[in-house]
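What follows is a set of notes on a single structure, which appears directly below.
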Amino acid sequence: MSGPQEETAHAAVVSGPTEETAPTAVAGEQETTAVAGEQGAAPAAVADERETAPAAVADERESAPAAVAGERETARTAVISGGSRGLGRLLVERLLADGWQVATFSRSANDFVKDTVAERPDHFIWESVDLVDRKALRTFVNSVARRFGGIDLLVNNAAVLNRQELFLTTSSRQVDTLLASNLAAPIALAQACARVMSGSGGGQIINVSSINAVRGYRGVAVYSATKAGLDGFSRSLARELGPLNIRVNSLVPGFFDSDMTTEVTEQNRERIARRTPLGRLADVEEIANAVLFLASPQSSFITGQTLVVDGGITC
Ligand SMILES: NC(=O)c1ccc[n+]([C@@H]2O[C@H](COP(=O)([O-])OP(=O)(O)OC[C@H]3O[C@@H](n4cnc5c(N)ncnc54)[C@H](OP(=O)(O)O)[C@@H]3O)[C@@H](O)[C@H]2O)c1
């Protein structure tokens, strides 16, 4: 989704020269970890991570249920945040149709959630959880793992955009909400799910980002920061969790119709379509297809990547 004032969009928020020169700056912070690996010291860095990761996981696992690979007799299990509406709902529907057990949460229930709980009680869990409540997120993940016997897939889909507004008038409270909901919450969910996955032979994490992470748009600076943060998180996490057979990728959708984008005017929709090489907005099914590709065995050697599905608007 893009801001209503695309006409004046600024370019190059994330990419460009900073990316090429980043290793120096980042290496200072991370020394021999992921960035060092990219610079050629990969074996040592990865070996370090292999030694330290399981200990750290064990130390913090708390009550995370252990499920051992091969012992699970049930279907694959997916945790989808924000599965009541929009892209999340479609992912819930398609995964259920494909035989998965699906757990999701949102702040409020709607008819879709109530009907699915009633129709698929053995395969579907929904709870009311707010992204800003990280303790509740961990409790949700652990109860899902106990109920379904493990977790194979996390899709960090839920996010808030709120009212688009210019940065100079954005309140601190608004900044805190966006950071907590769109960045801290996916990180907490990834950690809780990865702890479960690490005890059962692996899994996959897909973080739903946005084209705002790779191109600048007026009115969405903080939202963009959270999504760009998520992309960086995906890359580094992929390095750390790869040895545990957990793949981590970011999915960057272009604009598609959902409740999140109802405020976008017809004029701006037309402008977005004009600027998109394929000449139209995405159908939400096309975004779900890409998520499900990343979740499938067809992408088994893809990790740490950012898959942009935007009709070419950022190319
Ligand atoms: N739509 C676009 O054009 C577009 C473009 C690029 C990227 N994206 C990204 O794609 C993802 C899905 O977007 P969408 O358009 O499908 O969103 P959506 O239609 O607004 O649905 C958002 C879902 O997340 C839940 N949610 C929102 N805030 C929450 C909170 N604080 N705590 C718990 N659950 C919360 C919502 O339920 P409740 O409100 O009941 O909590 C709902 O289930 C998001 O990450 C978004 O940033 C969207």
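The values are calculated or read from the model by the stated rules, or taken from the named source; none is laboratory data. What you see is a predicted model; the values in this text were computed from it and never measured. Quick reminder, even Gly has a Cβ in these numbers, built from the backbone with ideal geometry, and neighbours come from all protein chains shown.
For region 194-235, the candidate set comprises residues that are of a type in the set (Lys, Arg) and in a helix (DSSP H, G or I); within that set, the residue that is nearest to Val284 (Cα to Cα) is Lys227.
For the condition more than 10 Å from the ligand (Cβ to nearest atom) and crowded, with 17+ Cβ neighbours inside 10 Å, Leu251 does not qualify. Scan region 145-161 for residues that are within 9 Å of the ligand (Cβ to nearest atom) and of a type in the set (Val, Ile, Thr) and the total you get is 1. Could you tell me whether any residue of region 117-140 is in contact with a Lys or Arg (Cβ under 7 Å, 6 or more places away or on another chain) and assigned to a loop (DSSP other than H, G, I, E, B)? Within region 117-140, one or more residues are in contact with a Lys or Arg (Cβ under 7 Å, 6 or more places away or on another chain) and assigned to a loop (DSSP other than H, G, I, E, B).
For region 245-278, a tally of residues being touching a residue at least 60 places away in the same chain (Cβ under 8 Å) and either in a helix (DSSP H, G or I) or farther than 19 Å from Ser224 by Cα (or both) returns 8. Just so you know, in region 254-274 the residues that are surrounded by 15 or more Cβ atoms within 10 Å (Cβ to Cβ) and charged (D, E, K, R) include one that is farthest from the ligand (Cβ to nearest atom), and it is Arg271. Restricting attention to region 88-108, the residues that are among the basic types (Lys, Arg), under 17 Å from Glu127 (Cα atoms) and not in a loop (DSSP other than H, G, I, E, B) total 1.
Conditions tested, residue by residue: (1) at positive phi; (2) among the charged types (D, E, K, R).
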| residue | (1), (2) |
| --- | --- |
| Phe124 | no, no |
| Asp130 | no, yes |
| Arg147 | no, yes |
| Val175 | no, no |
| Ala190 | no, no |
| Gly201 | yes, no |
| Gln204 | no, no |
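Kindly indicate whether Arg235 is touching a residue at least 12 places away in the same chain (Cβ under 8 Å) and away from the ligand (no atom under 14 Å from the Cβ). Answer is yes for this residue. Being modelled with pLDDT of 95 or more, farther than 30 Å from Val175 by Cα and surrounded by 20 or more Cβ atoms within 10 Å (Cβ to Cβ) is a property that Ala288 lacks. Taken together, Gln174, Gln164, Gln191 contain a single residue that is buried (at least 17 other Cβ atoms within 10 Å of the Cβ), more than 11 Å from the ligand (Cβ to nearest atom) and either β-branched (Val, Ile, Thr) or part of a helix (DSSP H, G or I) (or both), which is Gln191. Counting just the residues of region 102-135 that are surrounded by 14 or more Cβ atoms within 10 Å (Cβ to Cβ) and out of contact with any strand residue (DSSP E or B) (no Cβ under 9 Å at 6 or more places or on another chain), which one comes out nearest to Met197 (Cα to Cα)? Restricting to residues being surrounded by 14 or more Cβ atoms within 10 Å (Cβ to Cβ) and out of contact with any strand residue (DSSP E or B) (no Cβ under 9 Å at 6 or more places or on another chain), the top hit is Arg134.
Of all residues in region 91-116, those that are touching a residue at least 24 places away in the same chain (Cβ under 8 Å) have Cβ atoms under 6 Å from Cβ atoms of residues that are part of a helix (DSSP H, G or I) and more than 13 Å from the ligand (Cβ to nearest atom), 6 or more apart or on another chain, in Gln101/Phe148; Val102/Leu95; Val102/Leu96; Ala103/Val144.
Has region 109-116 got any residue that is modelled with pLDDT of 95 or more and not in a helix (DSSP H, G or I)? Looking for residues that are modelled with pLDDT of 95 or more and not in a helix (DSSP H, G or I), one finds at least one in region 109-116, hence yes. Please tell me if Arg218 is more than 13 Å from the ligand (Cβ to nearest atom) and modelled with pLDDT under 95. Criteria met by Arg218.
If you go through region 275-288 and keep only what is of a type outside the set (Asp, Glu) and either within 14 Å of the ligand (Cβ to nearest atom) or on the phi > 0 side of the Ramachandran plot (or both), you end up with Thr276, Gly279, Arg280, Leu281, Ala282, Val284, Ile287, Ala288. Look at (1) within 16 Å of the ligand (Cβ to nearest atom); (2) surrounded by fewer than 23 Cβ atoms within 10 Å (Cβ to Cβ) and you find that Gly99 fails only one, number (1).
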